[in-house]
Amino acid sequence: ALAKNKNLWYGRGMKTAEATPELDTLPKRPRGRPRKTVDERDDGNRRQALLAVAAQLFRRQGFAATTTRDIAAAADMQSGSPFYHFKSKDALLYAVMEEGMRRALARQQATLQAPVGTTYTPREQLRILVQVHLDVLLGPGNDFVPVMLYEARSLALRQRKHLAQLTTDYEALWIPVLTALHEQGLLRAPVKLARLLILGALNWSVQWFDAKKGASLPELTDAAMALFLKES
């Protein structure tokens, strides 16, 4: 019965595995998932490298003037390699902006967490928010959010709506701090206007700030605090 079942499995007239010794010479297939190639293992790093150089070029040259060939060359890749990670230059632009907003939001949330056993005053919290925001805009290698500020018009409406939600989440961190300062009589403007004016002024620094000629980020933070807050 066993021999009969073997004949049914291998097919009528087909030799069984025992009868074909040449099969023993074939290389065995490895078990489990195939090993990733070097390029596949490095996908995350290569994607981050593309985002970084794209953000830098979009900021310096503008989105329209930057080609995917420019981006690939700056990332030391072949001209078509960016399309392995992103469907188009537009998709890469959106990814740059989304990455920038997510990083900025994560940094603000982390720095607002006071060490265990201590608390920050509203004034200290605002200083943290201002200085981190300036670093996000002006610090070395931080090209992501500035690209969003001046290239958002190049995105599709759906993409702009998604970024608007991230922006809302980011600005929401400022509202409790500004509200507390207003209740203490330290804020020079109503909360809503103060938020718009502070972020507008800080964002405009991208246009005029020069690290080689201007003040340091702590000095800019001092100036912003003096501009928007009363002396306690």
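The values are calculated or read from the model by the stated rules, or taken from the named source; none is laboratory data. Keep in mind the model is a prediction, meaning the values are calculated, not measured. Here the Cβ is made from the backbone with ideal geometry for all residues, glycine too, and neighbour counts use every protein chain on show. Remember, those area values only see protein heavy atoms, side chains included, never the ligands or the DNA or RNA. Shrake-Rupley method; radii C 1.70, N 1.55, O 1.52, S 1.80 Å.
Here are the numbers for this structure:
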| quantity | calculated |
| --- | --- |
| Order of exposure, largest accessible area first, which applies to 158, 102, 127 with probe 1.4 Å | 158, 102, 127 |
| Solvent-accessible surface (1.4 angstrom probe) belonging to residue 150, in square angstrom, nearest 10 | 80 Å² |
| Of 87/161; 89/212; 161/213, those spanning more than 27 Å from alpha-carbon to alpha-carbon | 89/212; 161/213 |
| Label-point gap, in nm, between residue 157 and residue 172 - each point 7 angstrom along Cα→Cβ | 2.5 nm |
| Potential extension, residue 116-residue 222 segment - 0.36 nm per residue separation minus Cα distance | 35.5 nm |
| FRET E, pair residue 184, residue 60, Förster distance 45 Å, beta-carbon r, rounded to 0.05 | 0.60 |
| Cα-projected label distance for residue 76 with residue 165, points at 7 Å along beta-carbon direction, nm | 3.8 nm |
| Extension gain from residue 213 to residue 150, taking 0.36 nm per residue of separation minus the Cα-Cα distance | 20.4 nm |
| Accessible surface, 1.4 Å probe, highest first, among residues 212, 89 | 212, 89 |
| Cα gyration tensor, segment 119-232 - rounded (a/c under 1.5), prolate or oblate | oblate |
